[in-house]
Amino acid sequence: AELPGNGNLALSGVLARGPAGPGFRGRLTAFADDPGPFLAWLGRPAPEALARLGAVALEGQLHATPEGASLSEAEIRAAGTRARGTLAFLVGPPARLRFAGSLDRLALDPWLDEAAIEAGRRWLEAGPPEGLEAELDLEVERLAWRGLRAERVRFAGELASGQLRVEELSSADLAGAELRLEGGLGPGSALDLTLALVSRQPARLARGLELDPS
């Protein structure tokens, strides 16, 4: 099928009834030059940050039932980044999203930087999102944010019951430093974080954080 935004969708597999009711098991391939028109077609306005992604491609082994869907051996390509892993979504309530996988590189600015700032502002003003739980286990080979560069970044965390729990946020090379962070951000923006940072080149790290290296 053709998709709005100069895209296409292809499904091949088996639709049959199983113990959990009707379900589909097969392969999904989707592509769009611009995801905005597709979201508008679904009746959902596209955030400005999404419009900056450019072309988006998605493929993998799809298993879908009325309770949710999972995409294994998945590959997602957007904004020059390639992600591989497993993506699962349960309808709920609450809706639950899980992704475990890896990215070759991730540039947090400008589009994701702005999206994260907006999400953080809404969190502080209105509290954590309701009706959504999420779990993320992600490894990033190279990460860039403003002037900061990091390699071999790992993030493992969970959003549940209105609390963001960071099991691990670490980097083997954060502008010449080693970083490890764990803890949580709870309702009312309550912070409980533990930070370990060892810098072999503090001036380099300061410049990456846009601080005065003196």
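The values are calculated or read from the model by the stated rules, or taken from the named source; none is laboratory data. Please read these numbers as outputs of a predicted model, since none were measured by experiment. So basically every Cβ, Gly included, is an ideal-geometry build from the backbone, and we count neighbours across all protein chains shown. The protein model used for the area step is the full one, side chains on, heavy atoms only, and it has no ligands, DNA or RNA in it. Shrake-Rupley method; radii C 1.70, N 1.55, O 1.52, S 1.80 Å.
Based on protein heavy atoms only, the chain ends up with 61 Å² per residue of surface accessible to a 1.4 Å probe.
Set Lys and Arg Cβ to +1 and Asp and Glu Cβ to -1, take the dipole of the chain about its Cα centre, and tell me which of Gly162, Gly60, Pro213 lies farthest positive. The listed residue farthest towards the positive side: Gly60. For the stretch 161-214, the direction-averaged projected area of the alpha-carbon convex hull comes to 4.5 nm². The local environment of Phe155, defined by Cβ-Cβ distances under 9 Å, has a net charge of -3 under the rule Lys, Arg +1 and Asp, Glu -1. Within the listed set Ala196, Ala88, Ala79, the residue fluctuating most in the Gaussian network model of the chain (springs between alpha-carbon atoms under 10 angstrom) is Ala196. Against the chain, whose longest principal axis is taken from its Cα atoms, helix 111-126 shows a tilt of about 90°. Distant-in-sequence amide contacts of Arg142, defined by a placed amide H-H separation under 5 Å and a gap of 5 or more residues or a different chain, comprise Arg105, Leu106, Arg152.
Rounded to the nearest 20, the Cβ-based charge dipole of the chain about its Cα centre (Lys and Arg +1, Asp and Glu -1) stands at 340 debye.
The residues packed around Leu193, meaning those with a beta-carbon under 13 Å from its beta-carbon, carry a net charge of -2 if Lys and Arg are +1 and Asp and Glu are -1. Couplings for the stretch 172-177, taken from phi via the Karplus curve 6.51 cos²θ - 1.76 cosθ + 1.60 with θ = phi - 60°, read 6, 8, 10, 6, x, 10 Hz in order; Gly and Pro are left as x. Computed with a 1.4 Å probe over protein heavy atoms only, the accessible area of Val198 comes to about 90 Å².
Compactness check for the chain: Cα Rg over 2.2 N^0.38 Å is 1.15. Apolar share of the accessible surface for the chain: 58 percent from carbon plus sulfur atoms, 1.4 Å probe. Sorting Glu130, Glu158, Glu139 on solvent-accessible area from highest to lowest, probe radius 1.4 Å, gives Glu130, Glu139, Glu158. How charged is the neighbourhood of Thr65? Take every other residue with its Cβ under 13 Å from the Cβ of Thr65, and add Lys/Arg as +1 and Asp/Glu as -1. So the environment of Thr65 carries a net charge of +1.
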